[in-house]
Amino acid sequence: MHAPMSDVQSPISGRVIALHVKPGDSIQAGDALCTLESMKMEIPIEAEAGGIVAEWLVDVGADVAEGEAVARLRTG
Amino acid sequence: MSRDDELNELRHRTELAQRMGGPEKIQRHRDNGRLPVRERIDALVDGGSFVEVGALAGSGRYDQHGSLVDFTPSNLVFGRAAIERRPVVVVGDDFTVRGGASDGAVGDKMIIAEKMAHDLRVPIVRLVDGTGGGGSVKTIEQKGYTLLPKVRVWPDVTRNLATVPVVSLGLGSVAGLGAARVAASHYSVMVKETSQLFVAGPPVVERVGQTLGKNELGGSQIHTRNGVVDDEAASEPEAFERVRRFLSYLPSSVHGLPPRADANRDNPVDQATLRRVIPENPRAVYKVRGIVETLVDAGSFFEIGRQWGKASATGLARIDGWPVLVVASDPYHYGGAWDRQTSEKINRMVDLAQVFHLPVLHLVDIPGFRIGLEAEVDGVMRAGVRALTAISQTTMPWCTVIVRKAFGVAGAAHQHPDRFSFRYAWPSAVWGSLPIEGGLEVAYKAEIEAAPDPAAQRTAIEARVRALCSPYRSAEAFVVEDIIDPAQTRARLIEFANLAAPLRQPGLTAFGFRP
């Protein structure tokens, strides 16, 4: 039986400049998962729901598009 | 027929109409997480206030003696009711009768509902749970010819948008005209998982090669992110609560004024917290909703459109009891830069304020329009100039508080450029035609390139320019009227709201409202 997974999508495009959690970490809604540089600002991407970080789909330095999945969470 | 028989027939016909699609169809509807239309109306309006219009409409079948043997009720239920003791018109589709298809409404019920709201000058709430307007392909055989599409209700829909609050809830799979009626509103809500909205549903879309489930094609996760629908609710009762709250800020029609709240005119939050809320690091973000909630009357901020046009948090609120429209930059989305959707949302909100006489509070942190290839491809400037034009056209009293950035053409749209507006800046404010980053290289290109050490020259010029960027220099030159202690902002807003209140004038605005 696999736990349900959900992808965290980036609401903005930008470059990943920091990851704040690692696979296995338990997170809650509102926690900052990573920070993007976008429009010269440092903008955290926050979890919309709680869960456990399963994996990162991007690394520091990656350019992500609006709506692109950046992390996978176990939500079960 | 005796008088008793006549009354008995009235009772009998009323009972038949109240059955809706019958127990089996109603149960299936409930099993899908949805309420029957009559329960929806009861849950939405003040208890016992619903007065139905057209309660006997439907299609009867008669035997050879002319006696009624079967009856299919109209699948459109409407009437007058009250919400918070103020009159409204409610119109709801009954999905349990012929899937809510609008040719099952019987006669002109939908049009009369819209006209009634217009002529009584009261809000209309549409509980939409039906499909298109032109009937099904079956109609071709029934009529013996094909219909040229015409949406007869649309002139009434258009007129109502200029006259009375129009609220629509998407409560099932709504397609075609149903989808259009939801989108053509001042405020719309979908229910997560149990409602979908599309031009055409999955079976039709499959013929263009896309095999998708209902929620994949038109769930609330799509339409509350693209702005077709304003908000999503977790359940139907939550959606009804949002309707009641939205209407509480508005007049019953443009011929009245937004009602002042009698209670809860205070905000106990320590206003001094605002002095530290803007980070010293200019690249860092902050939570704008907390600022709004500190400035307006406690608990009065009703956000609209949270999931789309995200560089601005917008909604209704009260200041000293007076309803106002709030537009507040959210730096979490491209630093507060206006992208296409944000521009569209601001346009929509400013028009809402104009139509219903709501003074506007604008909290500004706008680094400009969003820049770069994606923004250009998205056509940011078309939507951007529409927002600018809405701001130039509005005659509503306006108060701007510049909390951080105001740059470029979008920054200039922080208020109407040439009428009196209230305007304050916090000490954290910074503004200009172009940001120094990027703008400096353009303006001083020759000087930098000619220098023996271009990098050092660039740094020297930046230091020179930055020394002039204090907002106090601008205040000295009366470029901005006042820089205030953030903790004094709410007091200034209370003054604004009370001075603005008598300036509000009931009546139709010179231009209508394009949804």
Region B:335-352-region B:279-301 distance, computed between alpha-carbon centres (Å)
18
Once R0 is set to 45 Å, what does the formula 1/(1 + (r/R0)^6) return for the Cβ-Cβ distance between B:Asp453 and A:Val60, expressed as a FRET efficiency to the nearest 0.05?
0.90
Under 11 Å, Cβ to Cβ, from A:Glu46 - net charge with Lys/Arg +1 and Asp/Glu -1
-1
Read phi for every residue in region B:487-498 and hand back ³J(HN,Hα) as whole Hz from Karplus 6.51 cos²θ - 1.76 cosθ + 1.60, θ = phi - 60°, with x for Gly and Pro.
5, 8, 4, 4, 4, 5, 5, 5, 4, 4, 4, 6
Treat the count of other C-beta atoms within 10 Å as a stand-in for reagent exposure and order B:Tyr332, B:Tyr187 from fewest to most.
B:Tyr332, B:Tyr187
If amide H atoms are modeled at 1.01 Å from N in the peptide plane, then the residues at a separation of 5 or more from A:Glu46, or on another chain, having amide H under 5 Å from its own are A:Leu33
Per the Kirkwood definition applied to all pairs of different Cα atoms, how many angstroms is the hydrodynamic radius of region B:267-355?
13.7
How large is ³J(HN,Hα) for each residue in region B:242-251, as worked out from phi by the Karplus curve 6.51 cos²θ - 1.76 cosθ + 1.60 (θ = phi - 60°), to whole Hz, x for Gly and Pro?
5, 4, 4, 6, 4, 5, 5, 8, 10, x
P(r) for region B:14-152: what percent of alpha-carbon pairs falls in each 5 Å bin, starting at zero?
2, 10, 17, 21, 19, 15, 9, 5, 2, 0
Dimensions (Å) - region B:326-429, Cα atoms, principal axes, largest first:
36, 33, 22
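So if I place +1 on the C-beta of Lys and Arg and -1 on the C-beta of Asp and Glu, and nothing else carries charge, what would the dipole magnitude of the protein assembly as shown be about its Cα centre? I want it in debye, nearest 20. If you can, show how the numbers build up before the last one.
Values: 66 positive and 72 negative charges, 226 e Å.
It works out to roughly 1080 debye.
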Cα-Cα longer than 27 Å, checked against B:Lys150/B:Lys192; B:Lys143/B:Lys192; B:Lys287/B:Lys445; A:Lys22/B:Lys214; A:Lys40/B:Lys287; B:Lys25/B:Lys109, kept in input order, equals B:Lys150/B:Lys192; B:Lys143/B:Lys192; B:Lys287/B:Lys445; A:Lys22/B:Lys214
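Lys and Arg at +1, Asp and Glu at -1: add these up for the other residues within a Cβ distance under 12 Å of B:Asp270 and post the number. Each step should come with its number before you reach the end.
Working: positive: B:Arg275, B:Arg276, B:Arg490; negative: none.
Net charge in that neighbourhood comes out at +3.
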As a footprinting exposure proxy, order B:Glu114, B:Glu39 by other Cβ within 10 Å, with the fewest listed first.
B:Glu39, B:Glu114
Calc'd 3J(HN,Hα), region B:15-24, phi into Karplus 6.51 cos²θ - 1.76 cosθ + 1.60 (θ = phi - 60°), Hz, glycine/Pro = x, comes to 4, 4, 5, 6, 5, 6, x, x, x, 5
Could you name the aspartates and glutamates whose alpha carbon sits less than 18 Å from that of B:Lys115, not counting residues in the same chain fewer than 8 places away?
B:Glu52, B:Asp93, B:Asp156
What percent antiparallel are the DSSP beta bridges of region B:54-199, to the nearest 5?
45
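Just rank B:Lys214, A:Lys22, B:Lys405, fewest to most, by other beta-carbon atoms within 10 angstrom. Intermediate values should be presented prior to the final figure.
On the way: B:Lys214 17, A:Lys22 9, B:Lys405 24.
Listed from fewest to most nearby Cβ atoms, that is A:Lys22, B:Lys214, B:Lys405.
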Whole-Å semi-axes of region B:309-373's equivalent ellipsoid, largest first, each the root of 5 times a Cα gyration tensor eigenvalue?
23, 12, 7
Rounded to the nearest whole number, the per residue volume of the convex hull around the C-alpha atoms of region A:5-74 in Å³ is 66
Starting from the eigenvalues of the Cα gyration tensor, five times each then square-rooted, give me the equivalent ellipsoid semi-axes of region B:201-263, largest first, whole Å.
37, 13, 9
Report, in whole Å, the centroid distance computed from the Cα atoms of region B:1-60 and region B:497-515.
40
Rounded if a/c under 1.5, otherwise prolate or oblate - the protein assembly as shown, Cα gyration tensor axes:
prolate
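Inside 10 Å of the C-beta atoms of B:327-335, what's the mean count of C-beta atoms belonging to other chains? If you can, show how the numbers build up before the last one.
Working: counts 0, 0, 0, 0, 4, 8, 7, 10, 7.
Mean number of neighbouring Cβ atoms from other chains: 4.
Report the percentage of all Cα-Cα pairs in chain B whose separation exceeds 43 Å, rounded to a whole percent.
Numbers: 36074 of 132355 pairs.
Here the tail beyond 43 Å accounts for 27 percent of pairs.
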In units of 2.2 N^0.38 Å, what is the alpha-carbon radius of gyration of region B:464-503?
1.60
At 222 nm, what value in deg cm²/dmol follows for chain B if DSSP H runs of at least 4 each add -39500 (n - 2.57) and the sum is divided by all its residues, to the nearest 500?
-10500 deg cm²/dmol
Local charge sum around A:Val16 (other residues, Cβ-Cβ under 13 Å, Lys/Arg +1, Asp/Glu -1)?
-4
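No value in this document is a laboratory result; all are computed from the given coordinates. Keep in mind the model is a prediction, meaning the values are calculated, not measured. Positions of Cβ are generated from backbone atoms using ideal geometry, with glycine treated the same way; all protein chains shown enter the neighbour counts.
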